[in-house]
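Report on one structure; see the data block that follows.
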Amino acid sequence: MSTNPPEGHPPVDWTKWEPAGEGDVRSPCPMINALANHHILPHSGKGISKSMAVTALTSTINLDSTIANVFASVALTTNPDHSAHTFDLDHVSTHGIIEHDVSLSRNDIAFGDNHTFNSEIWGKVIDSYGLEKETSFESASRVRYERVRACKAAHEAAGKEFGYGVKEFVLSYGESALFLGLLGSPEEGKIPLKYLRVLFEDERLPFKEGWRPSERPITQNDMNHMIFSLIKANEHKAAEAAEVGLGTIHAVENAVTSILPSYCTIIIIGKSASNAT
Ligand code: HEM
């Protein structure tokens with residue numbers, strides 16, 4: 001069964017889906033894993049060029065091409081072979097480039113496996129939505145911040161260093177914004193919880209459940225709106241501002257704004273900083 005793709009692109013058969021098989025590799029990202037499971041990215045998860053990634057993100061789920069280009073460029077930098085023009089999905093697990101602490105469905109690097117879906121961690125996250133049938137900026141923000149606090153407590157209890165600063169703050173908010181926007185609600189932040197479960201638990205796009213790709217590209221403006229709506233909805237914004245080393249909410253917002261237009265810009269800054277040391 002096919003669906004209308006963005007204008008000028010061939011239809012996508014969203015019913016074509018199979019999980020990773022032997023020898024296939026996957027990442028800590030539910031979306032790029034789902035695209036590989038749908039055979040939109042190579043099912044092996046290997047040998048993905050920048051143009052393959054950009055085409056997949058723009059022509060099937062309608063992410064704006066500027067953002068898609070930044071994601072794909074950063075993904076290429078995770079290949080340990082710096083002369084390569086492709087990346088494999090497991091390369092993006094490298095800690096500190098895109099991968100970071102406080103994931104909603106993966107453990108933190110200090111506790112071992114930072115890339116495999118962790119049903120215990122995700123179970124607590126999804127349970128925290130309670131009886132709600134759909135997300136809101138308030139619930140997605142609360143659930144995300146609960147995870148920040150749980151990770152912090154776990155690091156403290158284990159005497160491990162917790163890596164949660166401005167970069168991780170924006171990435172983490174950015175990822176919640178991505179699932180809200182790409183699963184259908186950049187303005188209101190309301191998507192059925194079922195869609196979220198299907199994306200994270202099955203690594204599949206919830207076409208069967210009623211999801212359809214956005215008819216217009218999800219842009220940086222959408223991302224900004226969603227990130228700021230999520231921040232605004234966090235009733236512990238002040239505590240979080242202090243946690244990321246910024247004294248006030250205003251300073252956090254300024255930090256985010258100065259680092260945008262693309263949340264991935266921070267990744268590039270972070271990467272150059274770590275290369276410089
Ligand atoms: C080439 C494109 C992309 C790359 C290389 C990429 C890579 C990554 C990586 C490395 C992570 C792990 C971050 C962490 O440690 O939590 C991640 C997480 C995530 N990504 Fe992507 N991503 C891409 C595109 C997207 C898109 C288009 C979406 C749209 C829904 C998306 C949604 C997410 C979400 C929701 C998470 C958080 C997972 C969690 O917290 O457990 N990603 N991505």
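Taken together, the values in this text are just the output of simple stated rules run on the coordinates, not laboratory data. On a predicted model such as this, the values are computed, not experimentally measured, just so you know. Reconstructed Cβ throughout: ideal geometry from the backbone, glycine too, with neighbour counts over all protein chains shown.
See the values below:
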quantity	calculated
Helical contribution to [θ] at 222 nm, DSSP H n ≥ 4, -39,500 (n - 2.57), averaged over the chain, rounded to 500	-14500 deg cm²/dmol
5 angstrom amide H check on L63, placed H, neighbours 5+ away	T58, I218
Efficiency of FRET from Cβ geometry, A154 and E134, R₀ 22 Å, rounded to 0.05	0.15
Within the chain, longest stretch clear of exposed GluC sites (Glu not before Pro) (DSSP loop, no more than 15 other Cβ within 10 Å)	23-131
Distance violations [Cα-Cα > 22 Å] among K46/K190; K16/K208; K46/K124	K46/K190; K46/K124
Ascending count of other beta-carbon atoms within 10 Å, so fewest first, for V70, V102	V70, V102
Distant-in-sequence amide H partners of V12 (H built 1.01 Å from N, under 5 Å)	T3
The stretch 94-174: C-alpha gyration tensor shape, a/c 1.5 cut-off, then a/b vs b/c	prolate
Under the Karplus curve 6.51 cos²θ - 1.76 cosθ + 1.60, θ = phi - 60°, whole-Hz ³J(HN,Hα) for the stretch 177-189, x wherever Gly or Pro sits	4, 4, 5, 5, x, 6, 8, x, 9, x, 7, 9, x
Cleavage-rule hits, trypsin sites (Lys or Arg not before Pro), the stretch 66-147, DSSP coil, Cβ neighbours within 10 Å at most 14	K133
Residue among D222, D88, D127 with the largest mean-square fluctuation in a Gaussian network model of the chain, springs linking Cα atoms under 10 Å	D127
Mean Cα-pair separation over length for the chain, i.e. relative contact order, pairs under 8 Å, 6 or more apart, %	20
Rh (Kirkwood; distinct C-alpha pairs) - the chain, Å	19.0
Cα gyration tensor shape for the stretch 5-100, rounded if a/c is under 1.5, else prolate or oblate	oblate
